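The values are calculated or read from the model by the stated rules, or taken from the named source; none is laboratory data. Please read these numbers as outputs of a predicted model, since none were measured by experiment. Cβ placement follows ideal geometry from the backbone for every residue including glycine, while neighbour counts extend to all protein chains displayed. Note: areas computed on protein heavy atoms with side chains; ligands, DNA, RNA excluded. Shrake-Rupley method; radii C 1.70, N 1.55, O 1.52, S 1.80 Å.
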Amino acid sequence: MKQEQERFLNFVMERIQPGMQDEAKTMMIENFGKQANGTFTAEYLEDFSSRLSGILKPEYVNEVQSAVKEYGQSYAK
């Protein structure tokens, strides 16, 4: 995992609802894998963002969604 990805993972994990950490980590690893193998698309980013919203603490949804959008745009095809 790249250092940038590790920082982003930690940022997200701090904002996940209790008990949802395993699901969040699995989603993030899938996300990073798609980035690495070139299958990260705008459609995937939209789906990922939507799924992630469902497991975030409500007070962090907007903050994380903005970060996901910014972070993901550099990888989306």
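Expressed as a whole percent, the accessible surface of the chain that belongs to carbon and sulfur atoms is 48, based on a 1.4 Å probe. For log10 I(q)/I(0) by the Debye sum over Cα atoms at q = 0.14, 0.16, 0.22 Å⁻¹, the value calculated from this model appears in (1) -0.39, -0.51, -1.01; (2) -0.52, -0.62, -0.87; (3) -0.64, -0.73, -0.96 under label (1). Here Glu23 and Ser74 are evaluated by their C-beta separation; at R0 = 25 Å the FRET efficiency comes out at 0.55. Converting phi to 3J(HN,Hα) with the Karplus coefficients 6.51, -1.76 and 1.60 and the offset θ = phi - 60°, the range 66-76 yields 5, 5, 4, 4, 5, 5, x, 4, 6, 10, 5 Hz in sequence order, with x at every glycine or proline. Amide H contacts under 5 Å for Ile16: Lys57, restricted to partners 5 or more places along the chain or on a different chain, H placed in the peptide plane at 1.01 Å from N.
Could you name the aspartates and glutamates in cross-link range of Lys57, using Cα to Cα under 16 Å and dropping any fewer than eight places away on the same chain? Here the aspartates and glutamates satisfying the reach criterion relative to Lys57 are Glu14, Asp22, Glu23. Each peptide in 51-58, 37-44 was scored by the mean count of other Cβ atoms within 10 Å over its residues; highest first, the order is 51-58, 37-44. Phi angles of the range 2-10 translate, via the Karplus equation with coefficients 6.51, -1.76, 1.60 and θ = phi - 60°, into HN-Hα couplings of 6, 4, 4, 5, 4, 5, 5, 4, 4 Hz per residue; Gly and Pro are given as x. Rolling a 1.4 Å probe over the protein chains gives Ser66 an accessible area of about 80 Å². From helices alone, the chain scores -22000 deg cm²/dmol at 222 nm; the rule is -39500 (n - 2.57) for each run of n ≥ 4 DSSP H residues, then divide by the residue total. Put a plus charge on the Cβ of each Lys and Arg, a minus charge on the Cβ of each Asp and Glu, and nothing anywhere else: the dipole of the chain about its Cα centre is then about 120 debye.
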